[in-house]
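S.K.: My questions all concern the structure below.
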Amino acid sequence: MSDRQKKPESMGEKDVVDLLLAQHSLIRDLFDEVEKAPAEARAEAFQRLVRLLAVHETAEEEVVHPYARRKIDGGEGVVDDRLAEENEAKQLLMRMDKAGVEDPQFLTDLAVLRAAVMAHARSEERYEFTQLRAQTSEAERRALAAGVKAAEALAPTHPHAGVESATKNLLVGTPVAMMDRARDVIRQAMGKTG
């Protein structure tokens with residue numbers, strides 16, 4: 001399986017910061033792939049991007065952000081800023097996921113989404129991940145990586161704005177994830193990608 005098709009919960013990184021940085025790189029690659037894909041292949045590439053963004057953000061909301069709130073300097077403010085960014089991107093991603101790749105606005109919206117997601121990733125890397133690496137032990141980061149992978153394995157595969165907290169993800173996320181994953185299997189069985 002190529003890196004581009006790798007599921008985030010099966011990535012090999014053992015340090016949470018390394019894992020999240022690798023996922024950010026994979027997200028950048030998937031944006032490139034969606035942008036460059038011929039029309040007939042765009043829907044499949046976009047669905048892989050949607051899935052990666054959905055499970056990545058859910059795991060950060062359930063595992064990384066709550067830990068960062070307590071552990072890093074100014075954690076409350078840093079995390080609140082990241083959650084606001086995530087919610088904004090989720091709103092657009094939800095609209096795009098619903099409209100599909102045939103929507104005339106798709107490529108324009110994709111460029112806006114990419115800019116928002118990449119700005120968010122840079123902010124996480126600069127304000128949250130740098131401090132996590134500096135203010136946590138290797139054992140803590142390994143435990144967080146295991147937690148992120150477990151959360152990703154159970155996360156919804158489509159964006160759901162308004163659940164950007166660990167509590168809301170745990171209360172709402174599991175049933176939503178089950179519905180998302182069932183919908184994904186049905187779509188795949190029917191030969192649909194959008």
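The values are calculated or read from the model by the stated rules, or taken from the named source; none is laboratory data. If you're wondering where the values come from, they're calculated on a predicted model, not measured in any experiment. Positions of Cβ are generated from backbone atoms using ideal geometry, with glycine treated the same way; all protein chains shown enter the neighbour counts. Ligands, DNA and RNA are stripped out before the accessible areas are found, and what is left, the full protein with its side chains, is counted by its heavy atoms. Shrake-Rupley method; radii C 1.70, N 1.55, O 1.52, S 1.80 Å.
S.K.: Residue by residue through the range 33-90, note down the ones that are open to solvent by less than 20 Å² (accessible area, probe 1.4 Å), among the small types (Gly, Ala, Ser) and over 13 Å from the mean Cα position of the chain (by Cα).
M.R.: Within the range 33-90, ALA37, ALA43, ALA45, ALA68, GLY75 qualify.
S.K.: Do the conditions hold for ALA151, that is, is it out of contact with any Leu (no Cβ under 8 Å at 6 or more places or on another chain), among the small types (Gly, Ala, Ser) and crowded, with 20+ Cβ neighbours inside 10 Å?
M.R.: Numbers: out of contact with any Leu (no Cβ under 8 Å at 6 or more places or on another chain): yes; among the small types (Gly, Ala, Ser): yes; crowded, with 20+ Cβ neighbours inside 10 Å: yes.
Spelling it out, ALA151 is indeed out of contact with any Leu (no Cβ under 8 Å at 6 or more places or on another chain), among the small types (Gly, Ala, Ser) and crowded, with 20+ Cβ neighbours inside 10 Å.
S.K.: Take the range 95-135 and flag every residue that is assigned to a helix (DSSP H, G or I), among the charged types (D, E, K, R) and open to solvent by less than 60 Å² (accessible area, probe 1.4 Å). Talk me through it step by step, then tell me what you get.
M.R.: Initial filter on the range 95-135 (assigned to a helix (DSSP H, G or I)): 95-99, 106-135.
Subset that is among the charged types (D, E, K, R): 95, 97-98, 109, 114, 122, 124-126, 128, 133.
The answer is ASP97, ASP109, ARG114, GLU124, GLU125, GLU128.
S.K.: I'd like to know if the range 70-86 contains one or more residues that are touching a residue at least 12 places away in the same chain (Cβ under 8 Å) and not in a helix (DSSP H, G or I).
M.R.: Yes, the range 70-86 contains a residue that is touching a residue at least 12 places away in the same chain (Cβ under 8 Å) and not in a helix (DSSP H, G or I).
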